[in-house]
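Down below is the structure, laid out as C-alpha cells.
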Amino acid sequence: MSKVTGKKVVIEGSLAVAEAVKYCRPNVISAYPITPQTHIVEDLAQMVADGELKAEFVNTESEFAAASVVFGASTAGARTYTATTSQGLFLMFEVLYNIAGSRLPIVLTCANRAVSAPISIWNDQQDSLAVRDAGWIQVFCEDAQEIHDFQPIAFKVAEDPKVRLPFMTMLDGFVNTHTYEQLELMDPALVDQYLPTYKPVVRLDPAHPMTFGALAMPDVYHEIRYMLNRALMGSAPIYAKAVKEFNETFGRDYTPFLEEYRSEDADVIMMSMGSLCGTIKDAVDELRKEGLKVGLVKLRMHRPLPKAAIRKAMDRASVVAVVEKDISLGLEGIIATDVRATFAGHDGPNVLSYIAGLGGRDVTVPHLKAIMKEAATWKGKESPDEPFWVGLKRDIIPEV
C-alpha cells in the first residue's frame, strides 16, 4: 500500500475503475452495456444521477454509437471516457481507427473477454489484442488496485500535447471486474493535483474552422500514418514520466513497461499479462523452493511495445515461455511473436509460445509449473513451428 494515507476498502473491480474515472472528472461518458463490462458504466451512470460526478452520460443504442459519441465530444474539446468488451469492442472497430487517426485523447477500459464464435462471455485477451494495430496506447493491469491507479495515468498521457492519442486500459473480465478485492482508493484532491484540467490543443471552434478525419489523397496519407506511428512510439517516455510522477504523488512503486518477479538470475522466464501473473508468481515461488531458477516478466504496456525493456529483462535467460490468453490463428500467440521481433538482430533466448485460458479455461499452478519445467528442456533447441496448448482436452477433439 502507499505511503500516502488513503481510504482502504473492499470493493468490486468494476467499481474500482468507476471510482477512479470519477476522480478524473470526465465531461462526457458514453457506453452500451455488455457483459462483463456493464458494472463499470452502471456505477458511473449512478454517480452522475446522484450528482457525485458532473458529466454528460450518454446511454447509446450500440457500441459503435458509444465510440462515435466520445469521438464527437472529444473533437469539441471534452475529456471523454467509455468502456466495453469483446464483440462490443469489435463493433467499435471502425471508430477506434478514426479516433487514433484524428489524434483524440479518449480513454477506454476494456474488460477482456473471449470473442465469437462460438459465443463465450468468459475471459481471455483476444479482444483488445485483436485491435492492437488501431493506434491506441495499450496497458494491461493485473488486479483492481492497478486498474484503479492507471485511470488518471491514462488521461494524463493521452492528453499530453506531445501525445494526443487514445489510451486503452485492460482488466480481465469477471476475474477482475466481478471480484471483490481490498485496495486503497486514491485521494481525489491528489488526483486533481496530478491530473490538470484538460486544455485541448486543437478542437472544433466556429471562430477557427477545422476538420477531423478529412479525406487524405495518396500524396499525404502515407506521411500521416508515419506521423501517427511516430507519435505512438514517442509516447513511451512521456508515459514513463507520468508513471514516475504518479508514484511520487501517491507513494506507489509501479514500473511503467513491465514488472519483473524473481527474474534477475532466472534461466527460464515466463512472460504473461493481466490477472494470470498473480498465479504465475505462486508457481515461481514453488519452483524456487524446488531449486529451479525461474522467474516472471509481466508485460504491462503492449503498445507501443517496450522492446528495450523486454531485451534488458530477458538478456540472461536461456528460454522464455510466453503464456498468453490469445492466439493469432495460423501462427502462434501474439505476444510471443512480438517477443521474437524484439530480439530480431540481437542475441536472445529461445522463445516458446503457450496458448492458455481461452474462453475462461482455468490455468492453475500445476499447469504453470509444468510449463516452466517443459520450457527448461528446450534450451539450445529450435522453437517448434506450432504453439503449445495448455490443458488441451485431446479426448474430445474428433479425428480429422
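Every number here is computed from the coordinates shown, using simple stated rules; none is lab data. A quick note: this is a predicted structure, and the numbers were derived from the prediction, not measured. Here the Cβ positions follow ideal geometry from the backbone for every residue, glycine too, while neighbour counts run over all protein chains shown.
Viscosity 1.002 mPa s, temperature 20 °C: give me the Stokes-Einstein translational D for the range 7-250 in µm²/s, with Rh taken as the Kirkwood radius over C-alpha pairs. Intermediate values should be presented prior to the final figure.
Working: Rh = 18.0 Å.
Using the Kirkwood radius from Cα pairs, D works out to 119 µm²/s.
Can you tell me what share of the DSSP beta bridges in the range 174-311 is antiparallel? A percent to the nearest 5 is fine. Before the final figure, lay out each step's value.
Details: 4 of 9 bridges.
If we restrict to bridges inside the range 174-311, about 45 percent are antiparallel.
Using a Förster distance of 22 Å, how high is the FRET efficiency between residue 210 and residue 162, based on the Cβ-Cβ distance and rounded to 0.05? Before the final figure, lay out the partial values.
Values: r = 20 Å, r/R0 = 0.89.
For residue 210 and residue 162, the calculated efficiency is 0.65.
Can you tell me the Rg and the Dmax, both Å, for the Cα atoms in the range 149-216?
That works out to 17.0, 50 Å for Rg and Dmax.
Please give the peptides 71-83, 213-225 ranked by average Cβ packing (other Cβ atoms within 10 Å per residue), highest first, as a rough proxy for protection.
Details: 71-83: 23.2, 213-225: 9.7.
Descending packing order for the listed peptides: 71-83, 213-225.
How big is the range 122-274 by Rg and Dmax over its Cα atoms, in Å?
For the range 122-274, the Cα radius of gyration and maximum Cα-Cα distance read 18.3, 62 Å.
By how many degrees, between 0 and 90 and to the nearest 10, does the Cα long axis of helix 365-376 differ from the longest principal axis of the chain?
Here the helix axis deviates by roughly 60 degrees.
For the chain, give me the percentage of DSSP beta bridges that are antiparallel, rounded to the nearest 5 percent. Write out the running numbers ahead of the final one.
On the way: 12 of 49 bridges.
Within the chain, antiparallel bridges account for around 25 percent of the total.
When Lys and Arg each count +1 and Asp and Glu each count -1, what net charge do the other residues less than 9 Å away from residue 138, Cβ to Cβ, add up to?
Working: positive: 132, 303; negative: none.
The answer is +2.
Structure shown: which of 22/156; 162/312; 289/369; 162/241 lie over 18 Å apart, alpha-carbon to alpha-carbon? Before the final figure, lay out the partial values.
Details: 22/156 14 Å; 162/312 27 Å; 289/369 12 Å; 162/241 13 Å.
162/312, as the Cα separations exceed 18 Å there.
What does the extension gain come out to for residue 217 and residue 328, with contour length at 0.36 nm per residue minus their alpha carbon separation? Walk me through the numbers on the way to the answer.
Numbers: separation 111, 0.36 × 111 = 39.96 nm, distance 3.22 nm.
Going from the current span to full extension adds 36.7 nm.
Using 0.36 nm per residue of separation minus the Cα-Cα distance, give me the extension gain between residue 193 and residue 344 in nm, one decimal. Please list the in-between numbers first.
Numbers: separation 151, 0.36 × 151 = 54.36 nm, distance 4.22 nm.
Gain on extension, residue 193 to residue 344, equals 50.1 nm.
Quickly estimate the mean residue ellipticity at 222 nm for the chain, helices only: each DSSP H run with n ≥ 4 gives -39500 (n - 2.57), and the total goes over all residues, rounded to 500.
Numbers: 13 runs with 154 residues, N = 400.
Dividing the helical sum by the residues of the chain leaves -12000 deg cm²/dmol.
Over the Cα atoms of the range 210-308, what radius of gyration and what Dmax do you get, in Å?
Taking only Cα atoms of the range 210-308, I get Rg and Dmax of 19.5, 64 Å.
Sort 174-183, 133-142 for me by packing, meaning the mean count of neighbouring Cβ atoms within 10 Å per residue, highest on top. Could the numbers behind the result be given before it?
Numbers: 174-183: 18.5, 133-142: 22.7.
Packing order, densest peptide first, comes out as 133-142, 174-183.
Suppose a student asked you for the relative contact order of the chain, using Cα pairs under 8 Å spaced at least 6 residues apart; what percent would you report?
The normalised contact order for the chain reaches 16 percent.
Percentage of Cα-Cα pair distances in the range 15-148 greater than 22 Å, rounded to whole percent? Kindly include the intermediate steps, with their values, before the conclusion.
On the way: 2821 of 8911 pairs.
Percent of Cα pairs beyond 22 Å in the range 15-148: 32.
For residue 8, put the label point 7 Å out on the Cα→Cβ axis and report which residues of the range 176-212 keep their amide N under 16 Å from it.
Answer for the range 176-212: 181-187.
Based on the alpha-carbon gyration tensor of the range 310-400, what equivalent-ellipsoid semi-axes (square roots of 5 times the eigenvalues) come out, in whole Å, largest first? It would help to have the intermediate numbers written out before the result.
Details: eigenvalues 116, 43, 32 Å².
After scaling each eigenvalue by five and taking roots: 24, 15, 13 Å.
What is the packing order of peptides 15-27, 346-358, 187-199, 247-259, taking the mean over residues of other C-beta atoms within 10 Å and listing the highest first? Working shown, then result.
Numbers: 15-27: 23.5, 346-358: 20.6, 187-199: 14.8, 247-259: 17.0.
Output ranking for 15-27, 346-358, 187-199, 247-259: 15-27, 346-358, 247-259, 187-199.
When the distances between all Cα atoms of the range 357-400 are binned every 10 Å from zero, what whole-number percent does each bin get?
Calculated over all Cα pairs of the range 357-400, the distribution is 21, 45, 30, 3 percent.
Between residue 116 and residue 379, what is the label-point separation in nm under the 7 Å Cα-to-beta-carbon projection?
4.9 nm
When 68, 272, 235 are ordered from fewest to most other Cβ atoms inside 10 Å of their Cβ, what list results? Don't skip to the answer; put the middle values down first.
Working: 68 18, 272 28, 235 23.
Lowest to highest Cβ neighbour count: 68, 235, 272.
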